[in-house]
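See structure below.
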Amino acid sequence: MASPDPSLLSLNTATTRGKWGLAQAIEGCARHGLRGIAPWRDLLHEMGVDRAARAIRAHGLIVTGLCRGGMFPATTARQRRANIADNLRAVDEAHALGAQCLILVVGGLPKGSKDLAGARQQVKDGIAAILPYARKAGVPLAIEPLHPMQAADRACVNTLEQALDLCDALDARASGALGVAVDVYHVWWDPKLEAQIRRAGRKRIFAHHICDWLVPTTDLLLDRGMMGDGVIDLMKIRGWLERAGYRGFQEVEIFSAANWWKRDPDEVVRICKRRYRRCC
């Protein structure tokens, strides 16, 4: 397999969280020669959407995704409407940044609920409600399945197969308006992963997020590893994606409260670049 294209490395701002705000991350990407950046909305709001958009354009960066929309399920109709409204704002923000997609972390069980099927139906209804608006704005929606350990609190869509079933139900023609984000941390374990990547093909795969799964993992949310430090076969998964037709960015997204978030962000980015070339 050919070495990864150095021009297709993107920094998700979660990787330097706590050390860099969005303005610093934009400047840092440019300084280190990264072409891609994926902001989180809290940092975007702190900087201001218009200011961020200008800075991203001025530094010649590509927004590989905006994190995040989703979080659809709720206990009341009023809260569900509020969640929809927030997603419409996220679409507007993604449009302003020229983002390649809006990442959807769809949400888990409403507070006090044990109705997993009902939560998944609310997710389907929520995506259906925002899809026409996103399509009109030219913002592709990327459903990101999360590891089953997070089904209750963060995302009740947990496999690529489930995400693609939603895509087929809501956008049967694969128009480019609805697809998936393949985050290796969440899907590497799935025995159907290769087949589902092949099923998704280039029309459905909008994003590829990379990091590693540590053994042991000390925190199921905040202990992701740097590429090469864990057990994920990153090169194999990249090969599956490329054979399916994906030619987009590889976006480093590392939540690491005890390690990488404590380090100097410039050091973190330098290591990301080395590990991308060696391990991905």
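Taken over the stretch 198-237, the criterion of being of a type in the set (D, E, K, R) and more than 16 Å from the chain's Cα centre (by Cα) is satisfied by ARG198, ARG199, ARG202, LYS203, ASP219, ASP223, ASP229, ASP233, LYS236.
One residue is enough: does the stretch 152-162 have a residue meeting the conditions within 17 Å of ILE205 (Cβ to Cβ) and buried (at least 22 other Cβ atoms within 10 Å of the Cβ)? For the stretch 152-162, residues within 17 Å of ILE205 (Cβ to Cβ) and buried (at least 22 other Cβ atoms within 10 Å of the Cβ): present. Where strands (runs of 3 or more DSSP E) fall entirely within the stretch 168-280, none has at least 3 residues that are out of contact with any helix residue (DSSP H, G or I) (no Cβ under 6 Å at 6 or more places or on another chain) and more than 21 Å from ARG68 (Cα to Cα). Would the stretch 149-172 turn up any residue that is on the phi > 0 side of the Ramachandran plot, modelled with pLDDT of 95 or more and under 20 Å from the mean Cα position of the chain (by Cα)? No, because not a single residue in the stretch 149-172 is on the phi > 0 side of the Ramachandran plot, modelled with pLDDT of 95 or more and under 20 Å from the mean Cα position of the chain (by Cα).
Of the residues making up the stretch 244-280, those that are over 19 Å from ARG17 (Cα atoms) and without any contact (Cβ under 8 Å) to a residue 24 or more places away in the chain number 1. In the set ALA258, ALA207, only one residue is of a type outside the set (Val, Ile, Thr) and in contact with a Gly (Cβ under 8 Å, 6 or more places away or on another chain); that residue is ALA207.
Here's the yes/no breakdown for (1) touching a strand residue (DSSP E or B) at 6+ places or on another chain (Cβ under 6 Å); (2) more than 15 Å from ASP190 (Cα to Cα):
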{"site": "GLY126", "(1), (2)": "no, yes"}
{"site": "ILE130", "(1), (2)": "no, yes"}
{"site": "TYR133", "(1), (2)": "no, yes"}
{"site": "LYS136", "(1), (2)": "no, yes"}
{"site": "PRO140", "(1), (2)": "yes, yes"}
{"site": "LEU146", "(1), (2)": "yes, no"}
{"site": "ALA155", "(1), (2)": "yes, yes"}
{"site": "ASP165", "(1), (2)": "no, yes"}
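Restricting attention to the stretch 163-173 and to residues that are free of Cβ contacts under 8 Å to residues at least 40 places away in the same chain and closer than 23 Å to ARG89 by Cα, the residue that is surrounded by the most Cβ atoms within 10 Å (Cβ to Cβ) turns out to be ALA163. Evaluate the following for TYR133: is it over 17 Å from THR64 (Cα atoms), hydroxyl-bearing (Ser, Thr, Tyr) and over 17 Å from the mean Cα position of the chain (by Cα)? Yes, satisfied.
For every residue, the table says whether it meets (1) of a type in the set (Asp, Glu); (2) buried (at least 21 other Cβ atoms within 10 Å of the Cβ); (3) under 22 Å from LEU104 (Cα atoms).
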| residue | (1), (2), (3) |
| --- | --- |
| LEU11 | no, yes, yes |
| ALA14 | no, yes, yes |
| TRP20 | no, yes, no |
| ALA23 | no, no, no |
| GLU27 | yes, no, no |
| ALA30 | no, no, no |
| PRO39 | no, yes, yes |
| LEU44 | no, yes, yes |
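Tell me, please, whether a residue that is of a type in the set (Val, Ile, Thr) and under 14 Å from the mean Cα position of the chain (by Cα) can be found in the stretch 106-129. The answer is yes, given that some residue of the stretch 106-129 is of a type in the set (Val, Ile, Thr) and under 14 Å from the mean Cα position of the chain (by Cα).
If we scan the stretch 209-226, do we find a residue that is closer than 23 Å to HIS95 by Cβ and modelled with pLDDT of 95 or more? The answer is yes, given that some residue of the stretch 209-226 is closer than 23 Å to HIS95 by Cβ and modelled with pLDDT of 95 or more.
Say we look at the stretch 64-85 and pick out the residues that are of a type in the set (Gly, Ala, Ser) and surrounded by fewer than 19 Cβ atoms within 10 Å (Cβ to Cβ); which of these is farthest from ILE26 (Cα to Cα)? Filtering first and then ranking leaves ALA77. Considering the conditions (1) free of Cβ contacts under 8 Å to residues at least 24 places away in the same chain; (2) surrounded by fewer than 20 Cβ atoms within 10 Å (Cβ to Cβ), ALA129 is excluded by exactly one of them, (1).
The values are calculated or read from the model by the stated rules, or taken from the named source; none is laboratory data. This one's a predicted model, so the numbers in the text were calculated from it and none came from an experiment. Neighbour counts run over all protein chains shown; Cβ positions are idealised from the backbone, glycine included.
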